1. Report, to the nearest 10°, how far helix B:201-237 tilts away from the longest principal axis of the Cα atoms in chain B, using its own Cα long axis and a range of 0 to 90°.
2. For the pair B:PHE32/A:ASP137, report the inter-label distance in nm, with labels modelled 7 Å from Cα in the Cβ direction.
3. Could I have the simple spin-label model distance between B:ASP197 and B:ASP77, label points 7 Å from Cα toward Cβ, reported in nm to one decimal?
4. I'd like the FRET efficiency for A:ASP33 and B:VAL147, computed as 1/(1 + (r/R0)^6) with the beta carbon distance as r and R0 of 60 Å, rounded to 0.05.
5. I need the peptides A:134-141, A:61-68, B:161-168 ranked by packing, meaning the mean over residues of other C-beta atoms within 10 angstrom, with the highest value on top.
6. Over the whole of B:107-113, what's the average partner chain Cβ count within 10 Å per residue? Rounded to a whole number, please.
7. Kindly express, to the nearest 10 degrees and within the range 0 to 90, the angle between helix B:116-126's C-alpha long axis and the longest C-alpha principal axis of chain B.
8. What is the set of long-range amide H partners of A:PHE104 at a cut-off below 5 Å, with H atoms built 1.01 Å from backbone N?
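Here, each number is a calculation from the coordinates, and none is a lab measurement. The shown structure was predicted, so the numbers you read here are calculated from the model rather than taken from an experiment. Note: ideal-geometry Cβ built from the backbone for every residue, glycine included; neighbour counts use all protein chains shown.
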Amino acid sequence: MAVKKVDNVEEEVEVTTKATKEVEVTKVEELPDNLFVSKNGTRLLFNKGAVPPNIVQEITTKAFMEANLGQDGRPNSGTSTNEQIVTAHVFLTFMKDILRWGIFSLYDGLPTNQRWIKNLRGTESFESSLKLIDWNDPLDVEVAYIMFFAVTVDDLDKVIEFVND
Amino acid sequence: MIIKNYELETRIISNIDIYNVEMDIPEPKAPFFELDDGRVIENYHDPVYNHCVMLYSQLKSSVIFERILETTISSYDMSYLDRNEWKRKWKLIKENHRLNHNEKTAFLLYEIFTDDTDKEKLVDSVILTENRVQKFFNSVSVVRQGVDVREAHVKNAINTGVESIPVIVGRLQIVSPLDEYKVASESGISWNHWLKDDMTLDDKASAIALYRLDKLVHLHQEDAAQIESERKQKKSGA
């Protein structure tokens, strides 16, 4: 309600203020159902069927048994440091074995800065795994980035869940 | 045989041929457990041990299936291996130390026989399975006082606890070679003859089925005789 003076007569009139509201449109990105965000924030697409189910079964079973059984066939107590190192190693190679099949691709593509390749190739402990990468093959390069940067050990449960689905 | 449009040439083998397989993982053993009184026993209830036993049996079935592939598929068109899609897959299989197969077998395992139905189709056509024996076993009708002998109760049966560990591929159980040996020897067929002669899988399955049915009929006859003898003893005692 506002007061308007008309011919010195005060009268109350309703003044409608026509506010021009600017509607802000936020475009919501439509995300695919098979999108998975790894623990370090990389957006990945899960490629169902990239690895044959019988290969997953064989690798998973062997990895589980390697990690839990000693040379004599008796279950490990899991308490010694050596046993824990072996278990960690088994599951790390298991992750790489599964990721190698291209079960994920990068949703946002490879980083434009290729410094990661230089860093990776300069790391001595990755030498044996890197021997398998064909740096001229774009698919292999993407897999390498996923194996060494995009997916971490914290994503192990999710990776197993995906491939067993 | 045609599986997923791949034409494969197969041959029949003897069950004993697939039993002698070597595993590259040790057979699980129960872990030791120390009791309060200091005695050490093997703990068969350990969950990791039990899980490993189950996985070991699955792995053994896979190794046996691999043996079946290697020994029963005599040939297939090797030009399939030149396809680019397979070449990439083979590269990944070859570099994985847990997938230790030659290319010919790997192609059969991971490209052709990827589902259980196809595996069973092969296994049932090249090796003697309980499925095949069962068909013959159920085909002859024998009753005990009107009840099928296969379902009739045996009062005086003794459980000896002696059994052979079954070998299962997919959902098919392989006939134990011990059963084959018993049938062959009791039928007057030499073991060598049973293995090498041109007996079809149906011939062997029917021989095993009739042998088992005959044993079952004898068991019922002995059971009936025992019941009768107990009845007489009871009567004379009273």
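1. The helix B:201-237 is inclined about 20 degrees to chain B.
2. 4.8 nm
3. About 4.0 nm separates the two model spin labels.
4. The formula returns an efficiency of 0.60 here.
5. Values: A:134-141: 12.0, A:61-68: 19.2, B:161-168: 10.2.
Result, highest mean Cβ count within 10 Å first: A:61-68, A:134-141, B:161-168.
6. On the way: counts 0, 0, 4, 6, 1, 0, 1.
Partner-chain Cβ atoms within 10 Å, mean over residues of B:107-113: 2.
7. 70 degrees
8. A:ASN47
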